[in-house]
1. Checking the condition farther than 20 Å from residue 145 by Cβ and either touching a residue at least 40 places away in the same chain (Cβ under 8 Å) or of a type in the set (Ser, Thr, Tyr) (or both), which residue from 95, 108, 55 passes?
2. Looking at (1) at positive phi; (2) of a type outside the set (A, V, I, L, M); (3) crowded, with 19+ Cβ neighbours inside 10 Å, find the lone condition where residue 59 falls short.
3. So, of the residues in segment 162-178 that are without any contact (Cβ under 8 Å) to a residue 40 or more places away in the chain and of a type in the set (A, V, I, L, M, F, W, C), which turns out to be surrounded by the most Cβ atoms within 10 Å (Cβ to Cβ)?
4. May I ask you to list the residues in segment 1-54 that are surrounded by 15 or more Cβ atoms within 10 Å (Cβ to Cβ), modelled with pLDDT under 95 and charged (D, E, K, R)?
5. Does segment 60-80 include one or more residues that are without any contact (Cβ under 8 Å) to a residue 60 or more places away in the chain and assigned to a helix (DSSP H, G or I)?
6. Kindly indicate the residue of segment 43-58 that is touching an Asp or Glu at 6+ places or on another chain (Cβ under 9 Å) and not in a helix (DSSP H, G or I) and also nearest to residue 126 (Cα to Cα) among those meeting that condition.
7. Check segment 150-161 and report whether any residue there is surrounded by fewer than 20 Cβ atoms within 10 Å (Cβ to Cβ), polar (S, T, N, Q) and outside any helix (DSSP H, G or I).
Amino acid sequence: MSGPCCVDPGAKQSHSAQGHEETVAGFNTYKTGQGNSVIVMFTDVFGHSFINTRKAADTFAQATGTTVLIPDFFKDDPMDPNESNLFDKLPGWLKQHPVDEVCASSDKFISTIKGHYDSIQVIGFCYGAKPVVHLISQAELTSVVKAAVVAHPSFLVREEATQIKRPILFLCAENDQLFTPDIREHFEKTLAPTGLATFINYPGMYHGFVIRPDGSEQADQQRDKAIQDAIKYFKKNV
């Protein structure tokens with residue numbers, strides 16, 4: 001359930017990070033913003049140091065007035081966007097960083113911070129969508145996580161649609177090799193009666209576009225819209 005789009009870093013971006021790193025729940029974590037509520041970000045394979053991800057975190061913190069945390073669940077071993085042949089290296093990297101291990105780490109992280117903030121919301125990109133859905137499907141944590149956002153998710157399976165217990169926003173690429181039309185349709189139909197899920201489609205977009213747009217005007221516009229859609233959702237659920 002991975003493809004070349006999982007490891008395409010997109011157009012090079014620049015940004016001066018506004019936060020800092022500290023240890024949270026035993027994980028090296030990028031922290032930005034100073035709000036009483038928190039948004040926890042779960043990354044794609046390029047990890048918590050990827051400048052595109054930190055740029056999004058800083059944007060969320062400033063626009064929502066929350067604290068944003070990006071834990072390093074890859075233990076300082078993300079894929080390097082500057083290397084070549086990343087798709088060939090992906091299977092080996094995934095064996096070293098299986099999603100079930102990251103899901104367990106997400107449980108620990110959220111359980112540790114839950115008493116320190118007025119509310120907790122979560123967002124996951126690509127690989128990071130799996131632990132987000134895991135969190136809002138676990139009985140012991142659904143009362144802790146107020147709402148969730150996933151952008152062009154990876155690794156989701158049909159059975160998870162029936163397990164979701166908290167509000168969730170799906171930011172969907174029109175052309176996604178991983179969150180395919182049939183899987184997306186299943187999630188939409190299954191979640192429709194619950195009223196928990198919102199799906200927004202981004203025409204012409206591809207897997208990874210929210211964090212890793214290709215530099216085209218259309219991609220940048222759709223990326224910006226997706227970020228603003230997520231901000232509106234976060235503000236509604238703080």
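1. Only one candidate qualifies: 55.
2. Just one mismatch for residue 59, condition (1).
3. Per the criteria, the residue is 173.
4. Across segment 1-54, the qualifying residue is only 8.
5. Checked segment 60-80: at least one residue is without any contact (Cβ under 8 Å) to a residue 60 or more places away in the chain and assigned to a helix (DSSP H, G or I).
6. Once the filter is applied, the top-ranked residue is 43.
7. no
The values are calculated or read from the model by the stated rules, or taken from the named source; none is laboratory data. Predicted, not measured: the structure shown is a model, and the values here were computed from it. Don't worry about glycine lacking a Cβ; one is built from the backbone with ideal geometry, like all the others, and counts go over all protein chains shown.
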